Amino acid sequence: MEFVTLLQVLDSTVRLAMPLLLACLAGLFSERAGIFDIGLEGKMLAAAFLSAAVAAVTGSVWLGLLAGIGASLLLSAIHGLASITFRGNQLISGVAINFLASGLTVLLAQDWFAEGGRTPSLMGAGRFESLTLPFAETLSTVPVLGPIYYELISGHSILVYVGFLMVPLTWWVLFRTRFGLRLRAVGEAPEAVDTAGVSVVGMRFAAVAICGVLCGLAGAYLATGLQAGFVREMTAGRGYIALAALIFAKWRPWHALWACLLFGLLQAVALRYQNLEIAGIPLPVQLMDALPYILTVVILAGFVGKAIPPRAGGQPYVKER
Amino acid sequence: MSDIPAIELKGISKAFGPVQANRDISIRVMPGTIHGIIGENGAGKSTLMSILYGFYKADAGEIHVNGTRRDITDSQAAIAAGIGMVFQHFKLVQNFTVLENIILGAEDGPLLRPSLARARGVLKSLAEEYELSVDPDELVENLSVGHQQRVEILKALYRQADILILDEPTGVLTPAEADHLFRILDNLRREGKTILLITHKLREIMEITDTVSVMRRGQMTATVRTADTSPEELAELMVGRKVLLRVDKAPATPGRVLLEVENLRHVDAHGVERLKGVSLQLRAGEILGLAGVAGNGQSELLEVLGGYAAAKGAVRLNGQALPLAGPGSDAGARRAAGLGHVPEDRQTEGLIMPYTAWENTVFGYHRDPRYQRGLLMDNAAIRAEAADKMARYDVRPPDPDLAARNFSGGNQQKIVLAREIERDPEVLLIGQPTRGVDIGAIEFIHKEIVRLRDRGKAILLVSVELDEIFALSDRIAVIFDGQIMGERDPARTNQTELGLLMAGMTEMPDGPLVEAVDAQMAAKAAREAEHHG
Amino acid sequence: MDRMPAWADAVLVPLISILLAALLSALVILAIGESPVEALLLMVDGALMRSTGWGYTLYYATNFIFTGLCVAIAFHASLFNIGGEGQAMIGGLGVALVCLFIPFPHWSIALLVATGAAALFGAGWALIPAWLQARRGSHIVITTIMFNFIAAAVLNYVLVNLLRPAGAMDPATAPFPAATHLPSFHDMFATADNPLFRGSPANVSFFLAVLACLGVWLLIWRTRLGYEIRAMGFSESAARYAGISPVRITVITMLISGGLAGMMALNTTMGEAERLVMNATEGAGFIGIAVALMGRSHPLGVLLAALLFGFLYQGGAELALWTNIPRELITVIQALVILFTGALGNMVRVPLERMFVALRRRAS
């Protein structure tokens, strides 16, 4: 493989990994607080749609981003209402949210734009443009490091850099702050948090809200950064892959980064090479598509280190003596 | 000592749906005293204390702390009022360190580092002041139960609690650990702290409290000075009538060996060895009581004998070897072989709570061909049989169509007992037969157990209540850390001797007892922690 | 005492939940500038007023009965099988294989063998998640979701690379031989002067679905296995005490569940398309979740809920044809039903319980 090709595949890995990473960190906040969230997919989709729609109408991607985050937060609020306030089944709520987003986005897109369930293509300020980092062009001629800097590190939209920054930030918040201590505690032993005089409901809603914001970023990136507009079902299972990455990462921020990059790489390779051959054995593209899911099942099976979710995960908190 | 009570409750009432848990309760507790609250299971003690700690909200009534009325709407408010609570089931984050658990909810600022540093210092001085030492950097899941309880007390003290509520604190402790706890409570009293001790054990009330209140069916029936009362009087106040504190039974006439357990070993799902070579013999017509603090292998012994945990070693019933793993080792096969089992926890094991009473009366025996009609179950036959059993065991209400969850604890236990005893087992395993059961049902259950013995059956009684062990057993074995520490004749032993065995010691240590017991418990916790990974 | 009579819990709670879902759906229709009343009339007209409409309604209902039962029976064992979609896809593969490669003399024999194949393949696809849950504690919700994606990849590979006839473009098998074609309602009920169900896909597998409802009811409430499944669903620790192996029950329940999902393929693949196409399931596996929740996991409830969703599906298609309301409206309704009958059940139940407690207080 040529060096340039490699860089291009890695560059595309970064792009494809970013929505996964943002959604994965979103799920991390929620699940660390004991709220399972299989509605990442729906929140991303809603954010993708509304960000593209608002960006298309106003011509401002920043307004679009805000709207996307708002859409995602709204679904988060429903999830919180169902699973925290009314102590409903978190998995069922997540399923409902995914369908709600899947149906409403097309319904509204059709009603607003009448373009067959998509938004108009975004142009100019309606999209997140790639940022060229300082000296990228001048340094691009430097052997090896130049192209790496120019092709791989520079030239992404601002959300990509935000996404990468979210990893250390998440780690710091979780393990070095009061908020993080309480958030982790509420996912492990909500009764301990409650008897310590801290509101379990408040902590869990905060976590679900953060999850909403991050999913909003992920969806907005998808529709206004990675692509130029919304098309129906454009998340294409990314929410579930993010969930898979979260399990793969065993609910830890740095591991989440590596897991998402790995799954991004698989997608990038599948995208570039429809028919891959390794050591003479042809690997069908379908295998590449399915690999993240297969890997997750293998991890879940516990054959490669056990993935233990937060202890109170999925359980509504009911006061008990 | 001032005249203003540290705690005064006035007219507290609380209902859960149709159940009235507390009815017009008033109580005054003076500062610097230990006040006991005693009552049967379900008398409403824990509910009352949970209201005081803001865990539940009272429907009516007032709470006064140090003379001022306080509106305690949540735990935060209780903490602010200087109240701390040690729950029966600890409220600790298992995979946090001791220090992290201490500061949780009482941090000094948005960043953890300064809070942790300050807590470390405070902890050190508290440990010296009250004999409350624990390793601040150890994960809670690696601590012994006694030490976890200390963390709970430290949590309250760190929040500068002046009033400490302890809910059934000795249920999980060895007698020596309980003694140590009482020493700590004594120290706290001396420092002017006020302590509310909830218990159902008369002995503890007599031993440590200054005053005692008795609760019955959600009401406060009396408050007296401990020095002016007796266990007999308290028991009568608790139940509302005279009670026999002992069980009437004739001396046992043990026959041939019915159950033989030899060198039983069992490793649990986490890889911890829970049974380390247990050997027992059980004869026809006798009750063998297995004493021990919860978590020392007695649950696992019942599971293995009951046929739902695999083990190594040998078990013979009537001389027949029972397979301990693989085919033929399941619970159904054990029942077929004549081994009945009243499990320790009727709510999570013995009964399916949403199932009707009649469905529950065949639970575990549902594969019996007599309940089958072709491919289907013969529900009519099961129902008829159930009505009959319920009548004979005085289950109230005698309605087979009522779901198990709608019966009281005592009546639920009678349903289980009816199911297991009516099958006429050769050997009956019975765990915590009277946990969460009112005194009326306790008497009934104890009588049934003795009657079964007198019919020449063998009974293995597992109980964490030493009083129950003494009252029923013809022979007492003590288990500690998966091993039988010894067997004693109930007529020739006493609580102190059994207490030592329960802490894994066969004789009085040379040094202070408390330290020796502490060392034993820490060593046990460390062995189990190795497998937490 | 229970706080609420059983009938209220079984009927009132779902009914109010559905009304709430319907109300919100009407608001959605209003929001996109259409009239909910007209939309409903149009749906009724298209789905129920002509036999052809019924033919479609019952065709869709057949799918939803199978997938609804699939989810419902798993619910009884306290398992959430989101994998009905994937199990149905693989069930379709089973149907296609026997239909393509076994020369059947008559459709009835073909149906019998294909039923076995569909159930076997569907069950097979549920086996690994079931085993992983039972033996390794891997969360079945996540594994079945993953298996849906893997099933899509497998089916895609098989259709593109293995079963696609030479020269064909779309990923689908060759048409099945005529001897495997199932009698449609039109074949069965139309007469010369009364061409009932003309052009509609409802077929004999509908009756199979109704039989499956009866079978599941008997299984759950009248057999030893059902007793054990429900017992384990309520309490795994109690099941172990009673000698009921949670591993065995988990695996058996999931096999039945997957088998039922797989049988859905009889309707779509053998009954309608008469070949296996890529997207034969059309999300019916997921609608099964809504159907099971709404039907409170009771076969009769599942049957009724499946009919309602059949009506919604056919009515939704009519709406898409005649108005500006896209078919995705049905997805929204489906989401609202899941939300209200599933996740927000307590929102309805708790006030109702309070009401009943208050009523009883007043009465006593």
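The values are calculated or read from the model by the stated rules, or taken from the named source; none is laboratory data. Note that this is a predicted model, so its numbers are computed, not measured. Here Cβ is always computed from backbone atoms with ideal geometry, including for glycine, and neighbour counts include all displayed protein chains.
Only one residue in B:L173, B:L197 is in a strand (DSSP E or B), under 21 Å from the mean Cα position of the chain (by Cα) and under 30 Å from B:S299 (Cβ atoms). Which one? Reasoning before the result, please.
Values: B:L173 fails: in a strand (DSSP E or B).
Sole residue among the options that is in a strand (DSSP E or B), under 21 Å from the mean Cα position of the chain (by Cα) and under 30 Å from B:S299 (Cβ atoms): B:L197.
Do we have B:G105 as part of a loop (DSSP other than H, G, I, E, B) and either buried (at least 20 other Cβ atoms within 10 Å of the Cβ) or within 19 Å of the chain's Cα centre (by Cα) (or both) here? Talk me through it step by step, then tell me what you get.
Details: part of a loop (DSSP other than H, G, I, E, B): yes; either buried (at least 20 other Cβ atoms within 10 Å of the Cβ) or within 19 Å of the chain's Cα centre (by Cα) (or both): yes.
In short, yes.
Kindly establish whether B:A43 is buried (at least 16 other Cβ atoms within 10 Å of the Cβ), away from chain A (no Cβ under 12 Å), within 24 Å of B:V437 (Cα to Cα) and of a type in the set (G, A, S). Spell out the reasoning first.
Values: buried (at least 16 other Cβ atoms within 10 Å of the Cβ): yes; away from chain A (no Cβ under 12 Å): yes; within 24 Å of B:V437 (Cα to Cα): yes; of a type in the set (G, A, S): yes.
Here the answer is yes, as B:A43 does meet what is asked.
Answer yes or no as to whether A:P292 is of a type outside the set (A, V, I, L, M), within 10 Å of chain C (Cβ to nearest Cβ) and free of Cβ contacts under 8 Å to residues at least 24 places away in the same chain. Please lay out each step first, then the result.
Values: of a type outside the set (A, V, I, L, M): yes; within 10 Å of chain C (Cβ to nearest Cβ): yes; free of Cβ contacts under 8 Å to residues at least 24 places away in the same chain: no.
It is false that A:P292 is of a type outside the set (A, V, I, L, M), within 10 Å of chain C (Cβ to nearest Cβ) and free of Cβ contacts under 8 Å to residues at least 24 places away in the same chain.
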- What about C:V291, is it in a helix (DSSP H, G or I), crowded, with 24+ Cβ neighbours inside 10 Å and among the β-branched types (V, I, T)? yes
- Task: State all residues of the range C:313-356 that are among the hydrophobic types (A, V, I, L, M, F, W, C), within 24 Å of C:A61 (Cβ to Cβ) and more than 9 Å from every other protein chain (Cβ to nearest Cβ); if no residue qualifies, say none.
- Result: C:A317, C:L319, C:A320, C:L321, C:W322
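Name every residue in the range A:94-111 that is facing chain C (nearest Cβ under 7 Å), out of contact with any Pro (no Cβ under 8 Å at 6 or more places or on another chain) and polar (S, T, N, Q), in order of residue number.
The initial filter retains those residues of the range A:94-111 that are facing chain C (nearest Cβ under 7 Å), namely A:95-96, A:99-100, A:102-104, A:106-107, A:110-111.
Narrowing further to those that are out of contact with any Pro (no Cβ under 8 Å at 6 or more places or on another chain): A:95-96, A:99-100, A:102-104, A:111.
Residue satisfying the conditions is A:S102 alone.
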- Item | Elements of type helices (runs of 4 or more DSSP H) contained in the range C:170-241, each with 3 or more residues being within 30 Å of B:W358 (Cβ to Cβ) and within 23 Å of the chain's Cα centre (by Cα) | C:205-222, C:224-234
- Message: Exactly one of these conditions fails for C:L276: (1) over 16 Å from the mean Cα position of the chain (by Cα); (2) within 14 Å of chain B (Cβ to nearest Cβ). Give me its number.
- Response: (2)
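List the helices (runs of 4 or more DSSP H) that sit entirely inside the range B:441-533 and contain at least 1 residues that are surrounded by fewer than 14 Cβ atoms within 10 Å (Cβ to Cβ).
On the way: elements: B:466-472, B:495-502, B:513-529.
Counting at least 1 such residues, we get B:495-502, B:513-529.
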- Message: Can you list the strands (runs of 3 or more DSSP E) lying wholly within the range B:253-371 that have 3 or more residues being more than 14 Å from chain C (Cβ to nearest Cβ) and within 25 Å of B:K414 (Cα to Cα)?
- Response: B:286-291
- Message: Of the residues A:G225, A:G313, A:G264, A:G239, only one is over 21 Å from A:L159 (Cβ atoms) and of a type outside the set (S, T, Y); which?
- Response: A:G313
- Message: Being farther than 22 Å from B:V145 by Cβ, surrounded by 17 or more Cβ atoms within 10 Å (Cβ to Cβ) and more than 11 Å from every other protein chain (Cβ to nearest Cβ) is the requirement here; does B:R118 meet it?
- Response: no
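Here's a check for you: in the range A:183-217, which residue that is of a type outside the set (A, V, I, L, M) and closer than 16 Å to A:G313 by Cβ is nearest to the chain's Cα centre (by Cα)? Outline the logic, then answer.
From the range A:183-217, those of a type outside the set (A, V, I, L, M) are A:184, A:187-188, A:190-191, A:194-195, A:197, A:199, A:202, A:204-205, A:211-212, A:215-216; that's our starting set.
Right, trim to closer than 16 Å to A:G313 by Cβ and you get A:184, A:187-188, A:190-191, A:204, A:211.
Working: A:R184: 20, A:G187: 20, A:E188: 23, A:P190: 26, A:E191: 30, A:R204: 19, A:C211: 9 Å.
So, considering only residues that are of a type outside the set (A, V, I, L, M) and closer than 16 Å to A:G313 by Cβ, the one nearest to the chain's Cα centre (by Cα) is A:C211.
Given B:V93, B:V65, which one is at the interface with chain A (Cβ under 7 Å from one of its Cβ atoms), on the phi < 0 side of the Ramachandran plot and buried (at least 21 other Cβ atoms within 10 Å of the Cβ)? Write out each step before concluding.
Numbers: B:V65 fails: at the interface with chain A (Cβ under 7 Å from one of its Cβ atoms).
Going through B:V93, B:V65 in turn, just one is at the interface with chain A (Cβ under 7 Å from one of its Cβ atoms), on the phi < 0 side of the Ramachandran plot and buried (at least 21 other Cβ atoms within 10 Å of the Cβ): B:V93.
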- Note on the structure: Those residues of the range B:87-145 which are touching a residue at least 60 places away in the same chain (Cβ under 8 Å) and within 20 Å of B:A525 (Cα to Cα) amount to B:Q88, B:F90, B:K91, B:L92, B:L139, B:E141, B:N142, B:L143, B:S144, B:V145
- Message: Quick check on the range C:55-69. Is at least one of its residues of a type in the set (F, W, Y), in contact with a strand residue (DSSP E or B) (Cβ under 9 Å, 6 or more places away or on another chain), surrounded by 24 or more Cβ atoms within 10 Å (Cβ to Cβ) and modelled with pLDDT of 95 or more?
- Response: yes
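So, in the range B:200-214, of the ones that are in a strand (DSSP E or B) and of a type in the set (A, V, I, L, M, F, W, C), which residue ends up farthest from B:R159 (Cα to Cα)? Write out each step before concluding.
So in the range B:200-214, the residues in a strand (DSSP E or B) come out as B:211-214.
Next cut, of a type in the set (A, V, I, L, M, F, W, C) only: B:212, B:214.
Numbers: B:V212: 26, B:V214: 29 Å.
Among those residues, the one meeting the criterion is B:V214.
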- Message: Restricting to the range B:16-43, count the residues that are assigned to a strand (DSSP E or B) and either closer than 28 Å to C:F356 by Cα or not β-branched (V, I, T) (or both).
- Response: 13
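Residues are listed down the side, and each one gets a yes or a no for (1) touching a residue at least 12 places away in the same chain (Cβ under 8 Å); (2) closer than 30 Å to C:F189 by Cα; (3) exposed (fewer than 13 other Cβ atoms within 10 Å of the Cβ); (4) of a type in the set (D, E):
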{"residue": "C:P14", "(1), (2), (3), (4)": "yes, no, no, no"}
{"residue": "C:L19", "(1), (2), (3), (4)": "no, no, yes, no"}
{"residue": "C:S25", "(1), (2), (3), (4)": "yes, no, no, no"}
{"residue": "C:V28", "(1), (2), (3), (4)": "yes, no, no, no"}
{"residue": "C:A31", "(1), (2), (3), (4)": "no, no, yes, no"}
{"residue": "C:M43", "(1), (2), (3), (4)": "yes, yes, no, no"}
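Results for (1) surrounded by fewer than 24 Cβ atoms within 10 Å (Cβ to Cβ); (2) more than 24 Å from the chain's Cα centre (by Cα); (3) free of Cβ contacts under 8 Å to residues at least 40 places away in the same chain, shown as yes or no for each residue.
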site: A:S93; (1), (2), (3): no, no, no
site: A:I97; (1), (2), (3): no, no, no
site: A:A101; (1), (2), (3): no, no, no
site: A:L107; (1), (2), (3): yes, no, yes
site: A:Q110; (1), (2), (3): yes, yes, yes
site: A:E115; (1), (2), (3): yes, yes, yes
site: A:R118; (1), (2), (3): yes, no, no
site: A:F128; (1), (2), (3): no, no, no
site: A:L131; (1), (2), (3): yes, no, yes
- Task: With the condition kept exactly as written, say whether any residue in the range A:31-47 is farther than 29 Å from A:S130 by Cα and part of a helix (DSSP H, G or I).
- Result: yes
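A quick yes/no check of all residues on (1) surrounded by 23 or more Cβ atoms within 10 Å (Cβ to Cβ); (2) in contact (Cβ under 8 Å) with a residue 12 or more places away in the chain; (3) away from chain B (no Cβ under 14 Å):
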{"residue": "A:V162", "(1), (2), (3)": "no, yes, yes"}
{"residue": "A:T177", "(1), (2), (3)": "no, no, no"}
{"residue": "A:A192", "(1), (2), (3)": "yes, no, no"}
{"residue": "A:G212", "(1), (2), (3)": "yes, yes, yes"}
{"residue": "A:C215", "(1), (2), (3)": "yes, yes, yes"}
